Each structure stands twice: as structure tokens, then as C-alpha cells.
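K.L.:
Supplied in C-alpha cells, the structure appears directly below.
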Amino acid sequence: MKKLVIGNLKMNLLSPQERERYLEFLSKELQGKKLKNTEIVVCPPFVHIESFVKSVGKKVRIGSQNIFWEEKGAYTGETSPVMLKNIKAQYAIIGHSERRRYFGETNETINLKLKSALRAGLTPIFCVGETKEEKGMDMTMDVIVRQIQEGLKDISRVLIEKIVIVYEPVWAVGSDVIPTSNEIMGAKLLIRKILTEKYGAKYVEKIRVIYGGSVNAKWAKQVCVDPEMDGVLVGRESLVPHEFVKIASIING
Ligand code: 13P
């Protein structure tokens, strides 16, 4: 199974010029690189998705940072998963901690979004993880169990293998503090156990469980290679194509 290296560009690249410069650098970094064991995904803001598909869509896959759960209609300001699929996005980040925190997303709305992404044929990148306070209260396991159980409610075993799950502890996002390899491996084992109990071993083999939170080239081994994760979700460092592709090369092995 290929390792996933996903870049979440968040709310950056403020002008067409900035976008074009980013795309130029990314193309240069990817040129001539044979990363056979990795699949690279870049998730720019909605307004840049079509340009990304046109420019680098043959080398990397493109995803969104959010979606709405309805397909169409009177939902001012929202973006349909079908619209994204039709402009050739393939992935969608769902339930990122910044969306939970600033936009009131709950396990329930995240569940609706996961289902609508699957219906539209997008691969959901489903984020879970505990806050600093929850970790302090020794609640990490409870939080993850709840996020997964509620997030995946009524999702059938046939569809489940399409979902990518990200263990992204909220305290590790944007902080330059990372968990130990053992903590990451513990979270992965817990996630696999919940999924196996819910769906059966056969159906969860192919589900990719990746790590996110302050990933950089220096720590790629500790957060991905050592704990045998299936990839990484990269924030800040994905804004620097040279560093992003370096992370992919390390993970590619
Ligand atoms: P940083 O890599 O900047 O910590 O962000 C992580 C993240 O939120 C990726 O989705």
C-alpha cells in the first residue's frame, strides 16, 4: 500500500500570483522525482482547486479542506462535494480540529459530511485527536473512541475502506510539539481496534491511518516511519514545496 503525504495549505496563497509561484516551485520539486511508494495529495483553498488540478493534477492528487453535506440548493456560501468531484478533486479533509474549534463542527455534522463525500466519490480524510486539556485529564482514548464511533455512524463496511483516518492531536497542531512514536503507535492501534470491532478485520485492512501535527522533514521518521503509520498530514511545511517534497522522499524510503 502506498504511503499518503497530504498537504493542508489552510487559508493561504492570497493572490493568483502567490498561487502560481507555489505551483511553479512544487512542479520543480516534483520534476524527475520517482516517489513510487508515496501518493501525494495537496489540499488548497477552494478558489485554487481548479488551477491546482490543471497545473499539477497529473503528478499529485488534489483535495479540499472541507465540504458541505448537501449536494445542491439554498445553502448560501457552502461547497458541494459533487462540485468538487466535477472539477476533479479526489480527496476532502473532514473534521479538522480548526473546523471543530472555530466553526462548531461536531461528530454529528462530521458524520453527515463523511457520508456525503463518500456518496460523491471523494476520499474523506477524517481527522480525530484530543486537545491538550483532554490529554491532561487522561481522556485521549475516550475522545478518539467517541469521535470515531459517532463520526462513522451508519457508514457501511463496503465504504469504510475508502476512508483515510488522521490521528492529529490538537495540541500538536501548529505547536512544534509532537507525540512520541509510541504514543502515535498507541493511537493507531486503538483506531484499528475500534474499526475491527465495528466492521471486522477483513474490511479494515485497507484503511489508511496517518499522523498529523507539526510534521516536518526532521520529524518525519519519528511520526511516520517508526510508528509504521500509513502517511502524514502536513500543515505549515506543505507551504514550502521543497520541504514538503523532502518529507515525501523520507517517507517514500
Ligand atoms: P501543522 O503541520 O502546521 O502543525 O498543521 C497540522 C495540520 O493542521 C494539518 O492539517
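K.L.:
Hey, does the range 237-251 have a residue that's away from the ligand (no atom under 16 Å from the Cβ) and more than 20 Å from Q90 (Cβ to Cβ)?
P.N.:
Yes: one or more hits.
K.L.:
For the range 172-196, enumerate the residues that are closer than 19 Å to D138 by Cβ, surrounded by 21 or more Cβ atoms within 10 Å (Cβ to Cβ) and within 16 Å of the ligand (Cβ to nearest atom).
P.N.:
A172, P179, I184, A187
K.L.:
With respect to I125, determine if the residue is modelled with pLDDT of 95 or more and in contact with a His (Cβ under 9 Å, 6 or more places away or on another chain). It would help to see each step written out before you state the result.
P.N.:
Working: modelled with pLDDT of 95 or more: yes; in contact with a His (Cβ under 9 Å, 6 or more places away or on another chain): yes.
Here the answer is yes, as I125 does meet what is asked.
K.L.:
Give me the pairs: first residue in the range 193-211 and at pLDDT below 95, second residue of a type in the set (S, T, N, Q), beta-carbon distance under 7 Å, and six or more apart or on different chains, which are they?
P.N.:
V204/T196
K.L.:
Have a look at L9, L14, L23, L30 and point out the one that is more than 30 Å from G77 (Cβ to Cβ) and hydrophobic (A, V, I, L, M, F, W, C).
P.N.:
Details: L9 fails: more than 30 Å from G77 (Cβ to Cβ); L14 fails: more than 30 Å from G77 (Cβ to Cβ); L23 fails: more than 30 Å from G77 (Cβ to Cβ).
From the options L9, L14, L23, L30, the qualifying one is L30.
K.L.:
Spot the failing condition for W219; the list is (1) farther than 20 Å from K3 by Cα; (2) of a type outside the set (V, I, T); (3) at pLDDT 95 or above, and only one is missed.
P.N.:
(1)
K.L.:
Go through the range 83-114 and give me each residue that's in contact with an Asp or Glu (Cβ under 7 Å, 6 or more places away or on another chain), within 14 Å of the ligand (Cβ to nearest atom) and under 13 Å from I163 (Cβ atoms).
P.N.:
Taking the range 83-114 as the starting set, the residues that turn out to be in contact with an Asp or Glu (Cβ under 7 Å, 6 or more places away or on another chain) are 87, 95, 97, 99, 107-108, 111.
Applying the additional criterion that residues be within 14 Å of the ligand (Cβ to nearest atom) yields 95, 97, 99.
Result: G95, single match.
K.L.:
So for the range 202-219 (the condition being part of a helix (DSSP H, G or I), among the hydroxyl-bearing types (S, T, Y) and surrounded by 15 or more Cβ atoms within 10 Å (Cβ to Cβ)), does at least one residue qualify? Walk me through it before giving the result.
P.N.:
So the first thing to find is which residues in the range 202-219 are part of a helix (DSSP H, G or I), and the list is 202-204.
Then drop every residue that is not among the hydroxyl-bearing types (S, T, Y), which leaves 203.
Within this subset, residues satisfying the condition of being surrounded by 15 or more Cβ atoms within 10 Å (Cβ to Cβ) are 203.
Looking through the range 202-219, at least one residue is part of a helix (DSSP H, G or I), among the hydroxyl-bearing types (S, T, Y) and surrounded by 15 or more Cβ atoms within 10 Å (Cβ to Cβ).
K.L.:
Additional query: Determine the pairs where a residue that is among the basic types (K, R), located within the range 87-98, has a partner that is at pLDDT 95 or above and buried (at least 23 other Cβ atoms within 10 Å of the Cβ) with Cβ atoms under 8 Å apart, the partner being 6 or more residues away or on another chain.
P.N.:
K88/I62
K.L.:
Are any residues in the range 60-105 small (G, A, S) and either at pLDDT below 95 or buried (at least 19 other Cβ atoms within 10 Å of the Cβ) (or both), and if so, which ones?
P.N.:
To start, the set of residues in the range 60-105 that are small (G, A, S) comprises 63-64, 73-74, 77, 80, 89, 92, 95, 97, 104.
Correct list: G63, S64, A89, A92, G95, S97.
The values are calculated or read from the model by the stated rules, or taken from the named source; none is laboratory data. Every value quoted in this text rests on a predicted model; they were computed, and no experiment measured them. Counting neighbours? That spans all protein chains shown, and the Cβs are built from the backbone with ideal geometry, glycine included.
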